[in-house]
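One structure is given here, and the rest of the page talks about it.
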């Protein structure tokens with residue numbers, strides 16, 4: 001077997017509407033509705049499906065828990081522009097800018113928390 005890419009992942013959240021607002025307004029993702037009024041966040045050719053805590057869809061993770069995710073997202077904007085956007089919305093930067101290792105090489109990252117306290121790493125690949 002050879003895995004090609006990630007299509008989607010699932011976040012369990014306390015409040016789907018608060019999460020939709022955060023990810024769409026601050027991170028620029030598109031909120032989509034599918035199935036039986038389910039919500040997801042689309043970006044590029046991937047999406048994040050949202051499950052409301054206590055009302056998850058089957059099948060689901062063994063122990064779905066808000067705040068247990070640690071995501072790294074590659075952003076087209078520069079790190080200084082990302083920081084300006086975060087400051088505009090009074091989003092606290094937990095760490096960064098800092099150099100890390102991404103899947104394809106060195107990245108520069110800033111870390112923030114979403115409304116459920118998931119760790120969100122916003123990154124750019126360093127020039128080769």
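Read the figures in this text as sums done on the coordinates, not as results from a lab. Predicted model only: the values in this text are computed from it and were never measured. For neighbour counting, all protein chains shown are included, and Cβ atoms are generated from backbone atoms with ideal geometry for every residue, glycine included.
Here are the numbers:
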quantity	calculated
DSSP-defined beta bridges in the chain - what % are antiparallel, rounded to 5	65 percent
Ranked 8, 14, 51, criterion: other C-beta atoms within 10 Å, fewest first	8, 14, 51
Separation between Cα centres of region 30-64 and region 69-93, rounded to whole Å	23 Å
Cα→Cβ-extended label distance, 7 Å offset, between residue 125 and residue 8, nm	2.6 nm
As computed over region 1-60, the Cα convex hull volume per residue (Å³)	96 Å³
Average projected area [Cα convex hull, the chain], square nanometres	9.0 nm²
Label-point gap, in nm, between residue 94 and residue 65 - each point 7 angstrom along Cα→Cβ	1.4 nm
On Cα atoms only, tilt of 79-88 relative to the major axis of the chain in degrees	60 degrees
Residues 34, 57, sorted so that the one with the fewest Cβ neighbours within 10 Å comes first	34, 57
Taking the chain and dividing mean pair separation by its residue count, relative contact order in percent (alpha carbons under 8 Å, at least six apart)	23 percent
